Amino acid sequence: MTTPHEMNIIRVIPLSRGIFKEELSYFSTKDIKVGTLVTVPVRNRSIPALVIACENASEQKTQLRSSSFKIKRVESASGKEFSSPKFIVAAKKTADYFAANSGEVISALVPKVILTEKISSGKKQKEVPEKIASVISVPDQFIFQSDDDDRLSTYKSLIREDFARNHSIFFCLPTIQDIERVVSKLERGIKEYTFVLHSGLSKKQLLDTWYKILNEPHPVLIVATGTFLSIPRKDIHTLIVDKENSPSYRTFSRPFIDIRTFAEFFAREASLRLIFGDIFLRPETLWRYHEKNEFLELMPLKFRLLSTADQKLVDMTADKGVIHKKEFSLLSNELKEMIAKAKNDNDNLLLLVSRKGLHPITICGDCSTPVLCSKCHSPFVLHSRRGRASNFFLCHKCGMQERPDIKCPVCKSWRLVPLGIGTESAAKEVVRFFPQAKIFIMDSDHVKTHKKALAMSKQFLSSPGSILIGTDMALHYTTDKVDRSAVISLDSLFAIPDFRINEKIFTTLLTLRSRTQKELLVQTRNPTQSVFDYSLHGNLIDFYRKEIADREEFEYPPFKRLIKITCKGKKEFVDKEVAKLGKLLEHHEPTVYPSFIEQARGIYHKNILLRLNTNAWPDASLLGLLRGLPPFFSVKIDPGDLL
């Protein structure tokens, strides 16, 4: 206990952008507990910070006397523990793993409103009893691979078992759509103890819910995105991370971290039971289970999934003469029959396309040069104007628009040929054969907000005989099962040079299959691609074996730890900086290559890829180098893609 004349040195992690120090030191005459949120002065402004140590100044006299700077006073303290020490340790480990700053990571895992508002940590909560804590001090990690209905049924049983033992549960999902799809099923019978947290809530709703969670004496079920894992509810015993295969668990801005990795660190530190679940788990996760014994089965893993829907693969190259016809249809005879049948039976029909717009690419009919945006050099996409006869070109990277009568920039020809299939061209084709059809188009051009997407999904499902044409977005927002579905085309995805692309196509088709009740049809010009056979037959084990064999051959995860470093700026500057960094990284045999889209909005992108042995990271020397890189470099550990 500090006497009135004693002083403490408080070490904190600054929670603000632009502060590149891992830790800062201040003094206070108060005892401040680890995990307390305080306000400290930094460069003529006040910022929030998290206390990680409180030490008596008398024990540090020598260091204080030799210090080259004056230690400032803590301005204010909340008086309550903001988060647990275990959360802070997990955040610091996550920061080390992703070559990030601890303060940035904590800020990413704590809603901004919670950092800025003075919230009490609530009533004293029951913690996991010492006897139980000692038993689970090395916690079990489980995986659960099954269809959505089966997983939810099992989760509901686990939740009730934990409630009976006075334990709370954190149910983590990657997106708001995923939360809204499952929460009504999970909360049945326990609605008063079920709480939802996500970024779509207003400030008042978020603060009210946070306060209720901390003050509810009964065990609770928290259904939330990963940014709310910081909530200091001490009786949480189980952490469920569902939709484990979703790329949305990765953050899309600094710090570039993966919530799933933090969940593992946090579960170990806090002795939580961790469960990863999905219809198809990431190949890396399954490999860790099969080869490294890092997970236990919650229930026997399902590697062959059944479906009530009739499934058919349609070879769009079967009619060889069709390419010579002037009248080329995007719809096979089989798909036309399905649309007619759905209309007859008043069945809902979901049609999936990989791209938005009329045509994803346009080339010159004389010299074959693709038509690119003059500003950022991305492919122009042809779009239709609603209510008007004329079309227009739109760049999906920078938003630049052009008239449709532009010339080829190389040979000045007027003969521009639109290629590829988009949502709008698919809709036009359906209308051509079925003019009375009620059609909804769902992509990011036609539906701009979460609210509008939910409204369109609801309208589609409540309109018998209607057709929803959309990109992946339509699949995410279709909350209920549909009668019939079809893939008009996903073939353009095979052209993307990314090692995860087969996994993406497989999970997309598997999800569509699981949401379809009567009939599923897939059109393709690549019928020999094994991913179609595996997905339509629900054959998860053979897809996994092939995917793992390919990754081992080409040294992709889980066999290597990938680090992607991207430099952005003017071309000459980027080339110079990448060359300098490449020399510093020579020991790691870096691969230097331009980004898939070299320029966006006038900014040039270039990548450096490191392939490390999985046990060689984190490496202290390399970590220090990566953390010290200037802001025009971005570093991604275990990147979602290599583009």
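So what are the ³J(HN,Hα) numbers for the range 560-576, from phi and the Karplus equation (6.51, -1.76, 1.60; θ = phi - 60°), rounded to whole Hz, Gly and Pro as x?
9, 8, 9, 10, 10, 10, 10, 10, 10, x, 5, 3, 4, 5, 4, 4, 5
Give me the one-decimal Kirkwood hydrodynamic radius in Å for the chain, with the sum taken over alpha-carbon pairs.
Across the chain, the inverse of the average 1/r is 27.5 Å.
In degrees between 0 and 90, to the nearest 10, how far off the longest principal axis of the chain does helix 423-433 point, with axes built from Cα atoms?
30
Give me the angle, in degrees from 0 to 90, between the Cα long axis of helix 85-97 and the longest principal axis of the Cα atoms of the chain, rounded to the nearest 10.
50
For the range 272-312, rounded, prolate or oblate, judged on the Cα gyration tensor with a ≥ b ≥ c (square roots of eigenvalues), a/c < 1.5 rounded, else prolate if a/b > b/c?
prolate
Sort 245-256, 491-502 by packing, meaning the average of other beta carbons within 10 Å per residue, with the highest value first. It would help to have the intermediate numbers written out before the result.
On the way: 245-256: 17.4, 491-502: 15.2.
The packing order, highest mean first, is 245-256, 491-502.
So which aspartates and glutamates pass the test for Lys33, namely a Cα distance under 17 Å, with those fewer than 8 places away in the same chain ruled out?
Glu6, Glu23, Glu55, Glu75, Glu81
Post the alpha-carbon centroid distance, the range 539-567 to the range 163-223, in whole angstrom.
Distance between centres, Cα-based: 35 Å.
Under a Cβ-only charge scheme (Lys and Arg +1, Asp and Glu -1), can you give me the dipole magnitude of the chain about the Cα centre, in debye to the nearest 20? If you can, show how the numbers build up before the last one.
On the way: 96 positive and 75 negative charges, 479 e Å.
Its charge dipole is roughly 2300 debye.
Among His450, His605, rank each residue by its count of other Cβ atoms within 10 Å, from fewest to most, as a rough exposure measure. It would help to have the intermediate numbers written out before the result.
Working: His450 15, His605 19.
So the ranking, lowest neighbour count to highest, is His450, His605.
Most exposed first by the Cβ proxy, i.e. fewest other Cβ within 10 Å, how do Leu349, Leu461 rank? Walk me through the numbers before you get to the answer.
Working: Leu349 27, Leu461 16.
Ranked by crowding around the Cβ, least crowded first: Leu461, Leu349.
Can you count the Lys pairs in the range 153-212 with C-alpha separation below 23 Å, eight or more apart or on different chains?
Number of lysine pairs found: 9.
Determine the gain in length on full extension of the stretch Ala437-Glu192; use 0.36 nm per residue of separation and subtract their C-alpha separation, reporting nm with one decimal.
Details: separation 245, 0.36 × 245 = 88.20 nm, distance 4.32 nm.
Stretched fully, the Ala437-Glu192 segment lengthens by 83.9 nm.
Projecting each Cα onto the charge dipole of the chain (Lys/Arg +1, Asp/Glu -1 at the beta carbon, about the Cα centre), which of Thr39, Cys395, Ser492 comes out farthest on the positive side?
Checking the options against the dipole of the chain, the answer is Thr39.
Once the Cβ-Cβ distance between Thr528 and Arg627 is put in as r, and R0 is 41 Å, what FRET efficiency do you end up with, to the nearest 0.05?
With R0 = 41 Å, the Cβ-Cβ based efficiency is 0.30.
Can you give me the angle between helix 203-215 and the longest principal axis of the chain, using Cα atoms only, in degrees from 0 to 90, rounded to the nearest 10?
50
Treating only the Cβ of Lys, Arg, Asp and Glu as charged (+1, +1, -1, -1), what charge dipole size does the range 8-116 show about its Cα centre? Round to the nearest 20 debye. Could the numbers behind the result be given before it?
Values: 17 positive and 9 negative charges, 58 e Å.
Computed about the Cα centre, the dipole is about 280 debye.
Taking 0.36 nm per residue of sequence separation and subtracting the Cα-Cα distance, how much length would be gained by fully extending the chain between Glu598 and Lys448, in nm to one decimal? Could you put the intermediate results ahead of the total?
On the way: separation 150, 0.36 × 150 = 54.00 nm, distance 2.71 nm.
Using 0.36 nm per residue and subtracting the Cα-Cα distance, I get 51.3 nm.
Can you work out the Karplus-derived ³J(HN,Hα) for every residue in the range 41-56? Use 6.51 cos²θ - 1.76 cosθ + 1.60 with θ = phi - 60°, whole Hz, and x for glycine or proline.
For the range 41-56, the Karplus curve yields x, 9, 6, 6, 9, 9, 10, x, 8, 10, 6, 10, 6, 9, 10, 5 Hz.
If each residue of separation counts as 0.36 nm, what is the full-extension length gain between Leu461 and Ile501 once their alpha-carbon separation is subtracted? Numbers along the way, then the final one.
Working: separation 40, 0.36 × 40 = 14.40 nm, distance 2.99 nm.
Value of the extension gain: 11.4 nm.
Can you pull the one-decimal nm distance between simple spin-label points at Lys571 and Asn56, each 7 Å off the Cα toward Cβ?
Going by the 7 Å Cα→Cβ label model, 6.6 nm.
Hey, fewest Cβ within 10 Å first, where do His383, His588, His537 land in order?
Going from least to most buried by this count: His537, His588, His383.
Would the range 130-297 count as rounded, prolate or oblate if I go by the C-alpha gyration tensor, calling it rounded below 1.5 in a/c and otherwise prolate when a/b exceeds b/c, oblate otherwise?
Values: a/c = 1.40, a/b = 1.18, b/c = 1.19.
Rounded.
Starting from the 7 Å offset along Cα-to-Cβ, what nm value, one decimal, do you get for the label separation of Asp405 and Ala579?
4.7
Looking only at the chain, where both bridge partners belong to it, what percent of the DSSP beta bridges are antiparallel (to the nearest 5)?
Working: 57 of 107 bridges.
For the chain, the DSSP antiparallel bridge percentage is about 55.
Please find the FRET efficiency linking Glu552 to Asp315, where r is the Cβ-Cβ separation and R0 is fixed at 41 Å, and quote it to the nearest 0.05.
Details: r = 31 Å, r/R0 = 0.76.
Efficiency, rounded to the nearest 0.05: 0.85.
We did not get these values from a lab; they are worked out from the coordinates using the rules stated. Please read all numbers here as calculations on a predicted model, not as lab measurements. Glycine also receives a Cβ, built like all others from the backbone with ideal geometry; neighbour counts cover every protein chain displayed.
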